[in-house]
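Read through the structure below, which is laid out as structure tokens, and then see the notes.
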Amino acid sequence: MNVLDLIGHVADISAVPIAIIGFGVTYNQVKKTRKAAEAAESAARNSQKAIGRSSLLGLIPQLQRVEEELDRAIRSGSEPVVASSLQSWRWQAGQVRGLLQVGKLARRELLVDIQDSVSAASQAQIELSGSGGDLNLAAATKDVRDAIAKVTNELGAIATVQGIQAGGVDDAR
């Protein structure tokens, strides 16, 4: 038996265990990669929730300020500020509704109430634009102010819950 035959025989015998070891190492790496991918996916979902929660926590006080601004504008009789406040409400309430809906953070009734307030704000804007300036602002905006108050009352509770959860992990899985 020459040296080349001996080397060939050793290679034939050692190829199977080395292939098995290689397969085991590859399998282990695939498992680690899968776990890392799942962890990254989970982190991305948590980040998305945190961003939505932060946006929501920023928008809710803005809605409350719009409500206050609307009330002040009505008391002072400033039709342009009333119209501007109604437009602000429509825009910001729509954003809040979207965040609540995507994040599944609110009951369906609140989402409907928000949409109703947006519709009422739109209707009040239409009335204001056609009034010619001789409109009783308090009477013309009563329905929208009632709808807005209903929403802001409920959003206060949601802001509290979301504020508490902002620093931690959502346990409601």
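The values are calculated or read from the model by the stated rules, or taken from the named source; none is laboratory data. None of the values given here were measured: they were computed from a predicted structure. Note that each Cβ is placed from the backbone with ideal geometry, even for glycine, and that neighbours are counted across all protein chains shown. The protein model used for the area step is the full one, side chains on, heavy atoms only, and it has no ligands, DNA or RNA in it. Shrake-Rupley method; radii C 1.70, N 1.55, O 1.52, S 1.80 Å.
For the chain, what is the accessible area per residue in Å², given a 1.4 Å probe and the full set of protein chains? Don't skip to the answer; put the middle values down first.
Details: 11140 Å² over 173 residues.
Heavy-atom accessible area per residue stands at 64 Å².
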Counting only protein heavy atoms and using a 1.4 Å probe, what share of the accessible area of the stretch 22-173 belongs to carbon plus sulfur, as a whole percent?
54
If R₀ is 41 angstrom, what is the calculated FRET efficiency for the pair V3 and Y27, using the beta carbon separation as r and rounding to 0.05?
0.70
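Run lengths n ≥ 4 of DSSP H only: what is the helix-derived mean residue ellipticity at 222 nm for the chain, with -39500 (n - 2.57) per run over all residues, to the nearest 500?
Values: 5 runs with 148 residues, N = 173.
Theoretical 222 nm ellipticity from helices: -31000 deg cm²/dmol.
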Below 8 Å, C-alpha to C-alpha, sequence gap of six or more: please give me the relative contact order for the chain in percent.
24
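From the convex hull of the Cα coordinates of the chain, what is the mean projected area in square nanometres? Intermediate values should be presented prior to the final figure.
Details: hull surface 64.7 nm².
For the chain, averaging the hull's shadow over all directions gives 16.2 nm².
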In nm, the gap between the two label points placed 7 Å beyond Cα toward Cβ at I18 and D143 is 8.4
HN-Hα J couplings of the stretch 20-26 from phi, Karplus 6.51/-1.76/1.60, θ = phi - 60°, integer Hz, Gly and Pro as x?
5, 5, x, 4, x, 5, 4
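Quick one: which of 93-105, 110-122, 39-51, 153-165 comes out on top by average Cβ neighbours within 10 Å, and what's the full order, highest first? Walk me through the numbers before you get to the answer.
Working: 93-105: 17.2, 110-122: 19.3, 39-51: 11.5, 153-165: 14.6.
For the peptides 93-105, 110-122, 39-51, 153-165, the packing ranking is 110-122, 93-105, 153-165, 39-51.
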Zone of I51 (label point 7 Å along Cα→Cβ, backbone N under 18 Å): which residues in the stretch 79-109?
95-105
